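First the structure, in the form of structure tokens, and then the observations on it.
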Amino acid sequence: MVVSTEQEHPKKALGWAARDSSGVLSPFKFSRRETGEKDVSFKVLYCGICHSDLHMAKNEWGSSTYPLVPGHEIVGVVTEVGSKVEKFKVGDKVGVGCMVGSCHSCDSCANNLENYCPKMILTYGSKYLDGTTTYGGYSDVMVADEHFIVRVPDSLPLDGAAPLLCAGITTYSPLRYFGLDKPGMHVGVVGLGGLGHVAVKFAKAMGVKVTVISTSPNKKEEAIDHLHADSFLVSRDQDQMQAALGTMDGIIDTVSAVHPLLPLIGLLKSHGKLVMIGAPEKPLELPVFPLLVGRKIVGGSCIGGMKETQEMIDFAAKHNITADIEVVPIDYLNTAMERLVKADVRYRFVIDIGNTLKSSS
């Protein structure tokens with residue numbers, strides 16, 4: 001019954017889409033489903049540009065289908081709620097991150113870990129329950145099941161909060177899960193980009209001593225003076241790395257390029273944890289002997305469940321944490337993507353959808 005209603009009364013939407021693996025984006029008219037009984041509809045005001053959007057637009061992971069509307073760092077204001085929605089009302093500030101559906105019946109879902117559900121539905125480029133393709137936040141309107149909607153606290157500016165829905169939860173979750181959130185611990189953060197700068201902010205707010213590890217010596221001032229990291233290591237400087245051997249309880253590795261793990265494993269204390277949250281396209285080399293002699297762990301982490309995502313946003317509001325952003329109009333999108341390839345942004349582009357994407361009405 002619901003499906004036929006949706007087909008009769010779809011919501012007109014305007015977005016920007018990639019049409020092929022060139023990754024070039026241009027305006028695209030499409031339809032969102034009608035607000036179902038458990039759905040929340042909201043006017044999109046801002047959407048962050050994540051590195052995944054670039055990979056997906058260019059089909060670099062081999063899973064893209066076109067037309068593709070990217071965007072999974074989406075924030076805005078509720079315009080309509082379904083009859084059975086309990087947590088949200090018109091006018092609320094809300095967001096949607098990397099997923100819009102899951103099975104609700106597996107062990108992961110039962111433990112509030114929808115992000116590890118085998119049937120997780122991604123915010124864009126996935127098939128939704130009704131068989132339609134999901135379209136992301138580079139668009140003027142969003143509709144999602146209330147379970148996958150996050151409330152954005154009033155104290156957080158929407159533009160700076162948007163990237164927290166991906167970059168924020170991607171760094172917050174491993175700090176919590178791997179127990180790297182205890183005051184006085186020493187945690188390394190590899191890479192000072194979109195993920196890395198947020199990891200530093202969360203770790204510092206948890207009371208952890210933070211060392212930024214980077215190949216770029218020129219990021220030292222930014223890391224220490226602006227982000228308040230406690231120390232800075234140039235990973236190519238053998239003397240610096242040698243002096244820091246065996247000093248860290250854990251390392252959050254945000255780098256998505258191929259890079260050596262051995263030097264990082266060396267920085268860990270015995271029983272230390274190296275957690276990978278970047279996604280290099282090619283396999284990395286993993287030396288096993290150094291893991292054995294220190295009982296060390298190499299692990300991974302991918303976003304977080306909905307309960308933890310809300311917890312992360314509330315923690316960010318309490319500690320006044322937002323992403324460092326450059327707000328751009330929608331027609332700057334392709335230029336922003338070109339700059340993202342060159343890592344020419346500090347540290348996250350956010351599209352001003354509300355003011356610059358012409359309404360579809």
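The values are calculated or read from the model by the stated rules, or taken from the named source; none is laboratory data. Note that the structure is a prediction, hence the values are computed from the model and not measured. All Cβ positions, even for glycine, are placed from backbone atoms using ideal geometry, and neighbour counts span all protein chains on display. The protein model used for the area step is the full one, side chains on, heavy atoms only, and it has no ligands, DNA or RNA in it. Shrake-Rupley method; radii C 1.70, N 1.55, O 1.52, S 1.80 Å.
Residues in the stretch 58-74 that are touching a helix residue (DSSP H, G or I) at 6+ places or on another chain (Cβ under 9 Å) and closer than 18 Å to Ala162 by Cβ: Pro70, Gly71, His72, Glu73, Ile74.
Scanning the stretch 129-147 for residues that are touching a residue at least 60 places away in the same chain (Cβ under 8 Å) and over 16 Å from Cys47 (Cα atoms) turns up Asp130, Thr132, Thr133, Asp145, Glu146, His147.
State all residues of the stretch 119-160 that are among the aliphatic types (A, V, I, L, M) and farther than 24 Å from Lys84 by Cα; if no residue qualifies, say none. Of everything in the stretch 119-160, those that are among the aliphatic types (A, V, I, L, M) and farther than 24 Å from Lys84 by Cα turn out to be Leu156, Leu158.
Would you confirm, using the coordinates I've provided, whether Asp181 is in contact (Cβ under 8 Å) with a residue 40 or more places away in the chain and acidic (Asp, Glu)? For Asp181, the condition - in contact (Cβ under 8 Å) with a residue 40 or more places away in the chain and acidic (Asp, Glu) - is not met. Scan the stretch 97-142 residue by residue and report those that are part of a helix (DSSP H, G or I), out of contact with any helix residue (DSSP H, G or I) (no Cβ under 6 Å at 6 or more places or on another chain) and surrounded by fewer than 20 Cβ atoms within 10 Å (Cβ to Cβ). Asp107, Ala110 - these are the residues of the stretch 97-142 that are part of a helix (DSSP H, G or I), out of contact with any helix residue (DSSP H, G or I) (no Cβ under 6 Å at 6 or more places or on another chain) and surrounded by fewer than 20 Cβ atoms within 10 Å (Cβ to Cβ).
Results for (1) assigned by the TED database to the domain that holds Pro153; (2) touching a strand residue (DSSP E or B) at 6+ places or on another chain (Cβ under 8 Å); (3) open to solvent by 80 Å² or more (accessible area, probe 1.4 Å), shown as yes or no for each residue.
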| site | (1), (2), (3) |
| --- | --- |
| Ser270 | no, no, no |
| Thr309 | no, yes, no |
| Val341 | yes, no, yes |
| Arg348 | yes, yes, no |
| Lys358 | no, yes, yes |
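For the stretch 19-36, the condition holds for no residue, the condition being that it is within 20 Å of the chain's Cα centre (by Cα), assigned to a strand (DSSP E or B) and not hydrophobic (A, V, I, L, M, F, W, C).
Does at least one position in the stretch 287-296 carry a residue that is in a strand (DSSP E or B) and open to solvent by 30 Å² or more (accessible area, probe 1.4 Å)? No, there is no match, as no residue in the stretch 287-296 is in a strand (DSSP E or B) and open to solvent by 30 Å² or more (accessible area, probe 1.4 Å).
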